[in-house]
1. Give me the distance between the Cα centres of the stretch 99-160 and the stretch 288-335, rounded to whole Å.
2. Normalised radius of gyration for the stretch 245-304, please: alpha carbon Rg relative to 2.2 N^0.38 Å, two decimal places.
3. Need the full-extension length gain, residue 79 to residue 96, defined as separation in residues times 0.36 nm minus the C-alpha distance. One decimal, nm.
4. At a threshold of 8 angstrom on Cα-Cα distance, excluding pairs fewer than six apart, so keeping six or more, what relative contact order does the stretch 69-198 reach in percent?
5. Counting only pairs 8 or more residues apart or on different chains, how many lysine pairs in the chain have their Cα atoms under 25 Å apart?
6. If you wrap the chain's Cα atoms in a convex hull and average its projection over all directions, what's the area in nm²?
7. For the peptides 155-162, 81-88, what is the packing order when you average, over each peptide's residues, the other Cβ atoms within 10 Å and list the highest mean first?
8. Return the FRET efficiency for the residue pair residue 110, residue 63: r is the Cβ-Cβ distance, R0 is 41 Å, and the value is rounded to the nearest 0.05.
Amino acid sequence: MSDIMTKNPRGTDPLARPGVLAHRRMPRWAPAGIAVAAIAVGTALGLALGLSSKIQWGLIALILFVLGTYVITAAVEDRRQAKDRVVTSAVWACFVVAVVPLYSLVETTIAKGAKMINGNFLSHSMAGVLSNDTGGGVYHAIIGTLEQVGLASLIAIPIGVFTAIYLVEYGRGKLAVAVTFFVDVMTGIPSIVAGLFILAFWILVLGFSYSGFAGSLALVILMIPVVVRSTEEMLKLVPNELREASLALGVPKWRTILKVVLPTALGGITTGVMLAVARIAGETAPILLLVFGNPMINNDPFHGTQSSLPFYIYEQYVLGTEQSYDRAWGAALVLIAFVMILNLVARGIARWKAPKTGR
């Protein structure tokens, strides 16, 4: 312990007090300084080794940052603090690794798609527009996405929430085990399998035509397990004391769930639902099989083919012209904005409906 902490002798420091233990600590700016040094050394090594990718430079800098943090902290403080700082540095490094591709994706989409966002692009369809023509719009795809995702949400959200309530509040025995098993299985179902199932059942067996509603049925299959699992986890976080207090006052169980359990978990449930909506909003395979695409506006999701934003992006990319690529990037930016707006609305609802806490 003598090399880690020393007792300040009287009179050696005018600010020191007798009997106070002093620890050697790195200054607060040390992590930032180590990070800057790691970036500089990583860049130098990348140039010296002839590495053309800046991603490789960044990975070298991250490794040097973690190693440098451990070595310097062990020399200045001790190994225990060095391990703590290494774990913290590793967390920051993983955060950077996760954020950089996301930032690159958003930045590229905005840079290539922003030039297409205007009133004409958002208010016109592709009727009569050839692949080499400029112009055209995404209005028909926006309508298709809103209707298909909306119908899927109207079906999947009640089923998913009620299933989660059953599993948490009432589920006992073999039925609950079977429901949990099938929910887990459905979580891993590929979207193309859901589309093939609806194609075989809804169109080939029952004889219905291709439509936006057929695509919504496939999206329901993909959405239900996400809603069930997220809602189930949020309901489990509600303290049992709240349920017991309500039941002790003579409140029926169904009313306890409705007035106590659900409002308490509403924020997490809403977030989980929005994650499920965001997932199905970008699905392409079921739409290719069931909705079939339509360059014109079709406001009726129950009759006739429709388009959607994911299908529109795929369709324009396949055309392979410079104009179609621009339209695809513009539609991708609209889709990202749609998902972001959904998440902002979900956060607003969760904050508005969150249980009020007193001091």
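1. What the calculation gives is 8 Å, centre to centre.
2. On the way: Rg = 20.4 Å, N = 60, 2.2 N^0.38 = 10.4 Å.
With N residues counted in the stretch 245-304, Rg over 2.2 N^0.38 Å equals 1.95.
3. Working: separation 17, 0.36 × 17 = 6.12 nm, distance 2.51 nm.
Additional length available on full extension: 3.6 nm.
4. On the way: 52 pairs, mean separation 12.9, N = 130.
RCO, the stretch 69-198: 10 percent.
5. Taking the chain as the scope, the lysine pair count is 12.
6. Working: hull surface 121.4 nm².
Here the figure is 30.4 nm², rounded to one decimal.
7. Values: 155-162: 18.4, 81-88: 15.9.
With the highest mean Cβ count within 10 Å placed first, the list reads 155-162, 81-88.
8. Values: r = 31 Å, r/R0 = 0.75.
For R0 = 41 Å, the calculated efficiency reads 0.85.
Every number in this text was worked out from the coordinates using simple rules, so none of it is lab data. As the structure is a computational prediction, the values presented were derived from the model and not from experiment. Every residue, glycine among them, receives a Cβ derived from its backbone with ideal geometry; neighbour counts consider all protein chains shown.
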